[in-house]
Amino acid sequence: MADPTRLAPVLSAHWDAEQSWTLATYEANGGYEGLRKAVTQAPAEVLAAVKDSGLRGRGGAGFPTGLKWSFLPAPDGGPRYLVVNADESEPGTCKDIPLMMATPQYLIEGSIITSYAIGCHHAFIYVRGEVLHVYRRVLRAVEEAYAAGYLGKNILGTGFDLDITVHAGAGAYICGEETALLDSLEGLRGQPRLKPPFPAVEGLYARPTVVNNVESIASVPAIVTGGSDWFRSMGTERSTGHGLFSLSGHVRFPGQYEAPLGITLRELLDLAGGIREGHELKFWTPGGSSTPLFTAEHLDIPLDYESVAAAGSMLGTRALQIFDETTCVVRAITRWMEFYAHESCGKCTPCREGTFWLEQVLQRIEAGQGLMDDLEVLVDTCENILGRAFCALGDGATSTVTSGVQYFRAEFEAHITTGACPFDPAAAALFPYSPRDAGRLAGQLAGTVQA
């Protein structure tokens, strides 16, 4: 069994407290001590502490947070902005939404400290509009912070002013890409911008802007309070600190597990009660549906940026989707591709056309109407998207396809040679349901091909 001390509850330490989302509960558990300490230091000292901690962006890319802040040009008398990316919407990724629901003040305090460090006087929190309950929770947290004097004019008597605007996006996965988010925030259609210029130079309203993920910003108060050495005492040399690991799928106790980076899936599964009884692990995603699949042979890969990359995948958002042997890998990949094809913004040809055709071919194979040549079509199409799309959506969409064919080619071939999916969808479900009529789907596909 895994050692429970491998967990590192920092952001999640008080999720079980009564009314954990209120300012009163947050302050009773040491909230805003980080801000009080930060404002006694020069902004450059705060930035240096975050830089020295080794904190890497928790939104998926893993870029060093403090280094990103330091890219802002020297002040020129004009405004500069902090934009918090709270548009969490990738299949399997669910860490920022629980954080904002349980302890939104971590995010508010982190936003204030970050704004102080970079010289920002107006910050924005961009929340996905469909999660209305989260939007309301964050709005209320901001209201409480204003009432307590943590936001507004002359914060804590320091002369530092800051306003925070909570913005609800209309709902588009592409707006998780930082420049598409900025366009959406400006009232434009959410589509990626050509870079350079990067947001640090010309971001929101063409002004210097820092864009960071919710968990990245929420991690800042504890770094200021505990110090960079404390933060570096967790994790690995190059992937420091703690992180929220989201376990979902065929595990006995799915949920959030906050642990040092470098923990393994085997250890997390022990803490989560293991795979559901009577079954065994088949495949899993280490960082969400936009990362290459892993199998049971990767159980002991340390979940840090370097080790996961060396094994052929990406740590991403640490969204560990777990699938046992009852799951059809072709069906799972098809469902993911349906999502990416739908969410492609259409700006670039490789992603717009590539995801469309990947979806068509995968649906044909899953319905038992595929050809052996389709496997080469899948791989070839992925190769023509990878590295050629305007943003990372196209690259991410290919990840599970190429890795799926790599590890489970025989399963793809079985769909083709037998003329049907060899799996019962109901067997993979965690609850009783009536699966969609596969015959009707096959008929629709046949009609589409004939037309």
Against the conditions (1) aliphatic (A, V, I, L, M); (2) touching a Gly at 6+ places or on another chain (Cβ under 9 Å); (3) part of a helix (DSSP H, G or I), where does Leu303 fall short? Just the number, please. (3)
Filter the helices (runs of 4 or more DSSP H) completely within the range 1-113 down to those with at least 1 residues that are free of Cβ contacts under 8 Å to residues at least 60 places away in the same chain and more than 20 Å from His242 (Cα to Cα). 23-28, 43-53, 65-70
Scanning the range 311-337 for residues that are farther than 19 Å from Gly249 by Cα and not hydrophobic (A, V, I, L, M, F, W, C), which turns out surrounded by the most Cβ atoms within 10 Å (Cβ to Cβ)? Ser313
Could you tell me whether Glu130 is at pLDDT below 95 and not small (Gly, Ala, Ser)? yes
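Have a look at Pro221, Pro254 and point out the one that is of a type outside the set (Lys, Arg), out of contact with any Pro (no Cβ under 7 Å at 6 or more places or on another chain) and over 23 Å from Glu33 (Cα atoms). If you could, list the steps in order and put the result at the bottom.
Working: Pro221 fails: over 23 Å from Glu33 (Cα atoms).
After ruling out the rest, the residue left standing is Pro254.
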Which numbered condition Tyr150 fails, given (1) buried (at least 22 other Cβ atoms within 10 Å of the Cβ); (2) touching a Cys at 6+ places or on another chain (Cβ under 9 Å); (3) part of a loop (DSSP other than H, G, I, E, B): (2)
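Considering only residues that are part of a strand (DSSP E or B) and open to solvent by 10 Å² or more (accessible area, probe 1.4 Å), look in the range 114-147 and name the one that is nearest to Glu88 (Cα to Cα).
As a first pass, look at the range 114-147 and keep what is part of a strand (DSSP E or B): 122-128.
Of the ones still in play, those that are also open to solvent by 10 Å² or more (accessible area, probe 1.4 Å) are 122, 124, 128.
Working: His122: 22, Phe124: 15, Arg128: 7 Å.
Within the range 114-147, the match that is nearest to Glu88 (Cα to Cα) is Arg128.
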Restricting to the range 380-394, give me the number of residues that are touching a residue at least 60 places away in the same chain (Cβ under 8 Å), open to solvent by less than 60 Å² (accessible area, probe 1.4 Å) and part of a helix (DSSP H, G or I). 1
Among the residues that make up the range 404-418, is at least one of them under 23 Å from Thr317 (Cβ atoms), under 29 Å from the mean Cα position of the chain (by Cα) and crowded, with 20+ Cβ neighbours inside 10 Å? yes
Check the range 288-310 and report whether any residue there is surrounded by fewer than 24 Cβ atoms within 10 Å (Cβ to Cβ), under 25 Å from Arg364 (Cβ atoms) and touching an Asp or Glu at 6+ places or on another chain (Cβ under 8 Å). no
Check on Gly312, touching a helix residue (DSSP H, G or I) at 6+ places or on another chain (Cβ under 8 Å), on the phi > 0 side of the Ramachandran plot and either not basic (Lys, Arg) or not in a helix (DSSP H, G or I) (or both): yes
Sort out which residues of the range 342-379 are under 28 Å from Asp424 (Cα atoms), open to solvent by 40 Å² or more (accessible area, probe 1.4 Å) and part of a loop (DSSP other than H, G, I, E, B), and write them in order of number. Gln369, Leu371, Met372
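The values are calculated or read from the model by the stated rules, or taken from the named source; none is laboratory data. These numbers come from a predicted model, not from an experiment. Neighbour counts run over all protein chains shown; Cβ positions are idealised from the backbone, glycine included. SASA here: full protein model, heavy atoms, side chains in, ligands and nucleic acids out. Shrake-Rupley method; radii C 1.70, N 1.55, O 1.52, S 1.80 Å.
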